[in-house]
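Okay, structure first, notes after.
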Amino acid sequence: MKKRHSKSKIAFDCNIIASTLLGGKIRSYFLEVLDFSNQIEIYYCEELLEEIRKLSKSVYFISKGITIEVIEDFIVFFEKRAIKVSLISNHEINRDPKDNYLLNLCEDANLDYLITGDKDLLVMEVFSSAKILQFPVFMEVFNFLPF
């Protein structure tokens, strides 16, 4: 695939962001990726933000102290470092319909990578111009940190 853009265009699925909010290694790896703005551009859409906000209603997240305030603070932090895309495409091809917006984001932002832990998306391997990778594989591709 011929490179169309000087920086790699990526997006994160909500499951990666959820893991980031919970802390541990994934948080430090996520923050490490954000430091590489000379190599990547991060894209998102309103549908992703809506999914992130829904985490505050999860009993599991509430039990871990992840409140709506924590999530809103993260969203403000994230929006300062990412590029918002208004979705135009309307694909309905994923086995899990709530993830179709991520495929639309792949196409509308002309992404190079979609980073996810979702098996329904990972089995696709590629959609539009985007390679669909797990976070550890993405980190290895960019030599950010050894996993």
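The numbers here are math on the coordinates, done by the rules we state, and not lab data. Everything quoted here is computed from the prediction, not taken from an experiment. FYI the Cβ positions are ideal-geometry reconstructions off the backbone, even for glycines, and counts take in every protein chain you see.
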Which of the residues spanning the stretch 8-33 are among the charged types (D, E, K, R), surrounded by fewer than 19 Cβ atoms within 10 Å (Cβ to Cβ) and within 16 Å of I71 (Cα to Cα)?
R27
Residues (of a type in the set (F, W, Y) and either assigned to a strand (DSSP E or B) or in contact with a Phe, Trp or Tyr (Cβ under 9 Å, 6 or more places away or on another chain) (or both)) located in the stretch 78-137:
F78, Y113, F127, F135
Kindly provide the set of residues from the stretch 37-53 that are touching a residue at least 12 places away in the same chain (Cβ under 8 Å), exposed (fewer than 13 other Cβ atoms within 10 Å of the Cβ) and either part of a helix (DSSP H, G or I) or in contact with a Phe, Trp or Tyr (Cβ under 8 Å, 6 or more places away or on another chain) (or both), ordered by number.
E46
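Let's see how each residue does on (1) touching a residue at least 24 places away in the same chain (Cβ under 8 Å); (2) among the polar types (S, T, N, Q); (3) surrounded by fewer than 20 Cβ atoms within 10 Å (Cβ to Cβ); (4) touching a helix residue (DSSP H, G or I) at 6+ places or on another chain (Cβ under 6 Å):
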| site | (1), (2), (3), (4) |
| --- | --- |
| L55 | yes, no, no, yes |
| I68 | no, no, yes, yes |
| K84 | yes, no, yes, no |
| L87 | yes, no, yes, yes |
| N100 | no, yes, yes, no |
| S128 | yes, yes, yes, yes |
| F142 | yes, no, yes, no |
